[in-house]
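Asks: Quick one: this structure, given as structure tokens, is what I'll be asking you about.
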Amino acid sequence: MPDSLVIKNLNASIGERPILKDFCLTVPKGEVHAIMGPNGTGKSTLSKVLAGHPDYTVQSGSALLDGEEILGLEPDVVARAGLFLAFQYPSEIPGVTIANFIRAAIVARQAKGAPFDAKAYYAELYAKMDALKMDRKFTSRFVNEGFSGGEKKRCEILQLMMLKPKYAVLDETDSGLDIDALRIVSEGVNRMRGPDTGFLVITHYQRLLEYIVPDRVHIMWDGRIVHSGGKELALELEAKGYDWVKTELASA
Amino acid sequence: MAEIDDNLAQREAIEVDRSKGDFKYEESYAFDAGVGLNPGVVDYISQVKGEEPWIREFRQKALKIFDGLPMPTHWATTDLDNIKFEDIRYYLAKGQKAVRTWEEVPDDVKKTFERLGIPESERKFLAGVEAQFDSEAVYSRMKEELEKLGVIFCGPNEGLRDHPEIFRKWFGKVIPAGDNKFAALNSAVFSGGSFIYIPKGVKVAQPLQAYFRINAENFGQFERTLIIADEGSEVTYMEGCTAPKFETATLHSAVVELVALKGAKIQYVTVQNWSANVFNLVTKRGVAEEGAEVRWIDCNIGSRLTMKYPGVVLRGKGARGEVLSIALANDGQHQDTGAKMIHAADDTTSNIIAKSISVGAGRSTYRGLVHIPKTLKNCRNNTECDALLINEHSRTDTYPAISVRGQKNSVQHEASVSKVSAEQIFYMMQRGLSEGEAMSLAVNGFVNDLVKEFPMEYSVELKRLIELQMEGSVG
Amino acid sequence: MSTLTAPAGVLDAARQSADLAQTAGHAWFDALRRQGWADFQRLPMPTRDDEKWRFSDARSLSLDGYAPAPEPTEALVAALIARSHFVARPAALIVHVDGHCVLRPALSPELTAQGVRFETLSDALRHHPALLQEHLLKHGAGLGGAKFLALHQAWLRAGYVLFVPKGVEVRQPFVSVNWTSHDGAAVFPHALIVAGEHAVVSVQDYHLGATPDARALAISACDIHAGTGANVSRLAVQGWGSRTQSFQVDNTCGGRDALITSVNAAVGSRRARLENTVRIDGPGADVRLYGISVATGEQEFDQRTLQIHTAGQAKSDLLFKNALLGKARTIFSGLIKVAPDAQRTDAYQTNRNLLLSPDAEADSLPGLEIEANDVKCSHGATTGQVDENELFYLRARGIPLEVAQELLAQGFLEEVIAKVEDEEGAEALRGMLSAKFHQA
């Protein structure tokens, strides 16, 4: 299926421990899908497996990005194919400034030897930083080093906006954010919404979904999706709690 | 706010209380190799022991190596030059054979060991005890059940004579005679020590234990220990060392070789409390095969000069090596200790934690070697050295050498030097402790995380020894 | 047919003796050079067993085949001067090519009026013999390079003297550039920096090969004397050609409340040895020593440092970072020595090595000798590869593996580059370090 991220019967493990079990999900471009579920159910594993993290082993299944298989590719190849992962715990990269980092990522997407338009780059970078209410001094700060939780997440969204992927996976982007930061980050994501981008928003709480209103909500349990619905499902889950998932949905 | 007396740090550090080890008895020796070292002395020792020709040759060859090697004073302390090899007695024995029951031990020797508390300890919990008085083992006892399991615990003579198929293969292989000058010396004149074999899969729950004691003046003690833990076996070995005070310097130069075969674990614990005129120059090294673990727990409180760097050669994939070391150097003492980790296989890890305390004009030195060659991958070493300086002119040195190549190997070395803060002492004194008590408490706190790793019996002893050392340090 | 004799090199007594004429007229200086020659003859070459040369490839040391080079051509001089402008507006610039001064420093009248002096060694010999006699080579090489420093002393005549008098603050950097060009050139550049009480001075020393693969022997030395409350910062870049053997012996003395910052960078030479000794003689002094290198191919960078605290209540902090590629090797051997009465000393030493190739080797010998108890001293050494999580994070943004590794390596080095206060100097350094990743 073109214009979709299609994950089919994905089985993946860390070491000997199976985590994703016949996981299936389709995210079409232009839609925002949310995955909710309790801790330890495999939500973060899903994001890492899609991004090609070397710690995870894929046993079987496929993940097609606009029809192209991305499982088994090197992480940078997956990223250039159009998948962006906003990390739950972004790494600190000492000595590498944000400006140089994003620039390197953009250059990696250009044709080899193509000239880099630094002026346009900075204009765009500054505009997006303004939108995220980030101080321009951030460009010369080292990536995530000494950042607060909120600053790290804003920096993730800045990269998302600069790299313009086809699909973005936001892994617990709301964790560690106060209400103001949550609003700013969500606005950034909402600004990116449109027919050319699909979103997969992974979250533990319904709160984020008040700001980033999803088209579809999926409930994940023990390595697979056990229930899907519209945006109202998030509210239902909030009201009934994860015990409901455990007792009713998971056993179904 | 009350000021801590600035001069307290300058006051004299106390004499060590050696109530447990500082006594001696008149001894008359049936065998005495005389003073000085030459091929004749080596032959005499070999003859008295009734050794096979190959051992005699091993000794003679080692003597040549010893004569040919210079003193390592180009890197080590020149205090070594004060050892007068020509004045030392290299072999002294009463002609005794190791006896099996406490009642058989000669009365005078028994008195010595009673003061050391050996039978008591043995009754309490020790699996086996080997006690060495000057050159020869005088008492050896092992619980019957261990013998039934096939555990061998004897001296080098018996070991090489009765179980050559087990011991000869490794004897002098982990530490060849040419390793260093003092290993060569030991190889030439060794006498006594422990040879231990733990059969496959046998896990010895209680520690095996040895005591070494020097009783005669101007005497050199050169015991030799070889422990082989066969596949999947586990053993802990503990040694304690004491000597009375003599007017002249005494030399202790041991060689300890450990072999942990596939999946085996050896833990070797030493509490060294030689009197302050003993030169304690010991070579200790273990080999760890695949998945095996060698752990040295080394505590040096006594001696005039100790030079000892327990090592592990990590020869098998996934092997682990560890050295935990505590050194306490008081006035006139130099504890020159450390560790060596030679990585020789993939996925090997090593850990070194060394803590030293220098009291009065005492000096403690850490020397370390960590080597990861080019062919290896996924090896890790972590080293921490912490030095505590108690008095104004206490001294500490740290000399690690780290060499890394290969893929995905990582090493981390950290060292720090600190003192007990006046604030800390004041705080404790405000709670009613004396200065000495406060200092002891602070020092025990400094080594606490390491002491916890010691077997219970030893950790209590160690804390007590540290307290004794610290009491006078602040006047 | 006439017999060809090999050109007499730096080991030739007659040639050294003849060279003394170049600095004739100063008996004490003449004696100094003769003493250097005598010491050089007397001292043995280091061997592998020498503790001060542990891990370094002492066996391959050879001083054969190097000779003082002839004067460079005008065209070469012009080209190299054009390449010497690392700083757009230095306080003054001095350039040497193959040991010959080709650009004499022109000091502004203001600085001259304030008593600042920046002169070639031979000019200073004539104008300020007392200053030289007081400070020049006052401390020998205690870290193993005595023989090499002796040869430097025997052939000493190139270099500069910088004197900033009491209370004078010069913010613009003084820049010295030494080039080697002639094949087999032997050069012995010297830098003498004297900062009076509360003077402020910043220096940049560039040691470079005119061609990337220049073959030379370079034995340089630097004496820094920082008076009470003086602030001295120095950037020294070792970028000799890739077939050069270089030795550098730096001695720094810091008086009461002096603030000294030095950054030693290494990119060039086949083998390069740095010996850096700092003596902290006054309380309140604050000395910061940084080292940085990118070692590639079969380069050996051998760094030996000594922080001597004779006065208490002073601080020294050292950070040496090395990134290694190819079959390169770095050796860091550092010692902090706290004298018996130097109470309340703060002294730190850190060495971090980043292995970017399985064939590279990083050796670390961080040492402490502490004889006072009321001190804060620590050292740390780490050697490892780039962090796997950081690498994944970069690659998850689409950055290819090699680029990601280089970015991380440059990030690793940035901590030291940031210590170079002068932005132009930092940028020059960044460029030279970065270029090495692409040659490798």
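Asks: Do you know which residues across region B:185-203 are part of a loop (DSSP other than H, G, I, E, B) and either buried (at least 24 other Cβ atoms within 10 Å of the Cβ) or within 21 Å of the chain's Cα centre (by Cα) (or both)?
Replies: Scanning region B:185-203 gives B:Phe190, B:Ser191, B:Gly192, B:Gly193, B:Ser194.
Asks: Can you name the residue in region C:397-423 that is at the interface with chain A (Cβ under 7 Å from one of its Cβ atoms) and part of a loop (DSSP other than H, G, I, E, B) and, of all such residues, is surrounded by the fewest Cβ atoms within 10 Å (Cβ to Cβ)?
Replies: C:Pro400
Asks: Tally time: how many residues in region C:225-245 are of a type outside the set (Lys, Arg) and within 10 Å of the chain's Cα centre (by Cα)?
Replies: The number of residues fulfilling the criteria is 4.
Asks: Out of everything in region C:381-396 that is part of a helix (DSSP H, G or I) and without any contact (Cβ under 8 Å) to a residue 12 or more places away in the chain, what residue ends up being farthest from the other protein chains (Cβ to nearest Cβ)?
Replies: In this case the residue turns out to be C:Glu388.
Asks: Give the residue, chosen from C:Arg256, C:Arg288, that is within 18 Å of the chain's Cα centre (by Cα), over 30 Å from C:Asp359 (Cβ atoms) and surrounded by fewer than 24 Cβ atoms within 10 Å (Cβ to Cβ).
Replies: C:Arg288
Asks: For region C:1-110, list the helices (runs of 4 or more DSSP H) that sit wholly inside it and hold at least 2 residues that are touching a strand residue (DSSP E or B) at 6+ places or on another chain (Cβ under 7 Å) and either within 14 Å of chain B (Cβ to nearest Cβ) or surrounded by fewer than 19 Cβ atoms within 10 Å (Cβ to Cβ) (or both); which are they?
Replies: C:74-82
Asks: Oh, and also: Output the number of the condition that A:Pro165 fails; it satisfies all remaining conditions of (1) surrounded by 21 or more Cβ atoms within 10 Å (Cβ to Cβ); (2) not in a loop (DSSP other than H, G, I, E, B).
Replies: (2)
Asks: All but one of (1) in a strand (DSSP E or B); (2) facing chain C (nearest Cβ under 10 Å) hold for B:Ser356, so report the exception by its number.
Replies: (2)
Asks: Looking only at region B:380-412, count every residue that is charged (D, E, K, R), over 23 Å from B:Ala442 (Cα atoms) and crowded, with 21+ Cβ neighbours inside 10 Å and tell me the total.
Replies: 1
Asks: Quick check on A:Leu125: is it assigned to a loop (DSSP other than H, G, I, E, B), modelled with pLDDT of 90 or more, more than 14 Å from chain C (Cβ to nearest Cβ) and in contact with a helix residue (DSSP H, G or I) (Cβ under 8 Å, 6 or more places away or on another chain)?
Replies: Here the answer is no, as A:Leu125 does not meet what is asked.
Asks: Looking for something at the interface with chain C (Cβ under 9 Å from one of its Cβ atoms), in contact with a His (Cβ under 7 Å, 6 or more places away or on another chain) and surrounded by 18 or more Cβ atoms within 10 Å (Cβ to Cβ) - is there at least one such residue anywhere in region B:413-434?
Replies: yes
Asks: Oh, and also: Look through B:Lys355, B:Lys308 and report the one residue that is touching a Lys or Arg at 6+ places or on another chain (Cβ under 7 Å), basic (Lys, Arg) and modelled with pLDDT of 95 or more.
Replies: After ruling out the rest, the residue left standing is B:Lys308.
Asks: Okay, next question. From the list A:Gly37, A:Gly30, which one is in contact (Cβ under 8 Å) with a residue 24 or more places away in the chain and buried (at least 19 other Cβ atoms within 10 Å of the Cβ)?
Replies: A:Gly37
Asks: While we're looking at this one, here's another question. Among helices (runs of 4 or more DSSP H) lying entirely in region A:9-119, which contain 2 or more residues that are within 9 Å of chain C (Cβ to nearest Cβ) and among the hydroxyl-bearing types (Ser, Thr, Tyr)?
Replies: Here the list is empty.
Asks: Looking at A:Ser140, is it hydroxyl-bearing (Ser, Thr, Tyr), surrounded by fewer than 17 Cβ atoms within 10 Å (Cβ to Cβ) and within 24 Å of C:Leu413 (Cβ to Cβ)?
Replies: yes
Asks: Let me ask something additional. Out of all the residues in region A:180-212, which are assigned to a strand (DSSP E or B) and among the polar types (S, T, N, Q)?
Replies: Of everything in region A:180-212, those that are assigned to a strand (DSSP E or B) and among the polar types (S, T, N, Q) turn out to be A:Thr197, A:Thr203.
Asks: Sticking with this one: Being outside any loop (DSSP other than H, G, I, E, B) and in contact with a Phe, Trp or Tyr (Cβ under 9 Å, 6 or more places away or on another chain) is the filter here, so list the residues in region C:124-145 that pass it.
Replies: Matches in region C:124-145: C:Ala124, C:Leu125, C:Pro129, C:Leu131, C:Leu132, C:Gln133.
Asks: Quick one: in region C:334-361, of everything that is more than 24 Å from the chain's Cα centre (by Cα) and within 30 Å of A:Asp76 (Cα to Cα), which residue is nearest to the other protein chains (Cβ to nearest Cβ)?
Replies: Checking each candidate, the answer is C:Pro358.
Asks: Only one residue in C:Ser364, C:Ser378 is facing chain B (nearest Cβ under 8 Å), assigned to a strand (DSSP E or B) and within 19 Å of C:Asp286 (Cβ to Cβ), so which one is that?
Replies: One residue alone meets the criteria, C:Ser378.
The values are calculated or read from the model by the stated rules, or taken from the named source; none is laboratory data. Given the structure is predicted, the values throughout are model-derived calculations rather than measurements. FYI the Cβ positions are ideal-geometry reconstructions off the backbone, even for glycines, and counts take in every protein chain you see.
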